[in-house]
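**Student:** Dropping the structure in here first, questions after.
The values are calculated or read from the model by the stated rules, or taken from the named source; none is laboratory data. On a predicted model such as this, the values are computed, not experimentally measured, just so you know. Cβ placement follows ideal geometry from the backbone for every residue including glycine, while neighbour counts extend to all protein chains displayed.
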Amino acid sequence: MTGALNNLKYDDDFIRDILEEVNVVALVGASSNPERPSHQVMKYLLHKGYRVIPVNPNEAGRSILGEPVVASLQDITEPIDMVDVFRRSEAVAEVVDEAIAANARVVWMQLGVVNQGAASRAEEEGLRVIMDRCPKIEYERLRLGIY
């Protein structure tokens, strides 16, 4: 098994495939504070050519790094490839439900974020899941875009 329920061990090809196939990322828990990890990851992903939609109900109607912030995944009107989750593990189940409803293809839980129940639900609905990893770190580790 290459998914989330494999003791948080992911094959490099599984991660690489996700990072290469994804175009639109909904970043749940985006912050306008440049010192916050979510801000740094958003900036990195934008720089690497991803379309990043910041999601944060407290920042809705503003912009982060030039991108308009929405309150929830339900407010996104374009197809979402990946939902990158910067929320506490306990909050992930609700995000997964929204990701399923939005027809996202991937749920990526950031470092320290693990919710086996939410991961199982997402995988049962056909989403690929990664937990306790950072796409910025994985992109660099796999040296994507460097040929």
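**Student:** Before we move on, is residue 126 closer than 21 Å to residue 12 by Cα and over 13 Å from the mean Cα position of the chain (by Cα)?
**Tutor:** yes
**Student:** Here's something else I'd like to know. So, residue 40, is that one among the polar types (S, T, N, Q) and within 22 Å of residue 9 (Cα to Cα) or not?
**Tutor:** No; evaluated as a whole, the condition is false for this residue.
**Student:** Pairs, please: C-beta under 9 Å, at least 6 apart or cross-chain, first residue outside any helix (DSSP H, G or I) and crowded, with 16+ Cβ neighbours inside 10 Å and in region 9-29, second among the small types (Gly, Ala, Ser) and at pLDDT below 95?
**Tutor:** Hits for this filter: 10/3; 10/4.
**Student:** Further, regarding this structure: Look at region 124-147 and say how many of its residues are touching a residue at least 60 places away in the same chain (Cβ under 8 Å) and either farther than 27 Å from residue 49 by Cβ or of a type in the set (Gly, Ala, Ser) (or both).
**Tutor:** Qualifying residue count, region 124-147: 1.
**Student:** Quick one: would you say residue 121 is free of Cβ contacts under 8 Å to residues at least 60 places away in the same chain and under 11 Å from the mean Cα position of the chain (by Cα)?
**Tutor:** no
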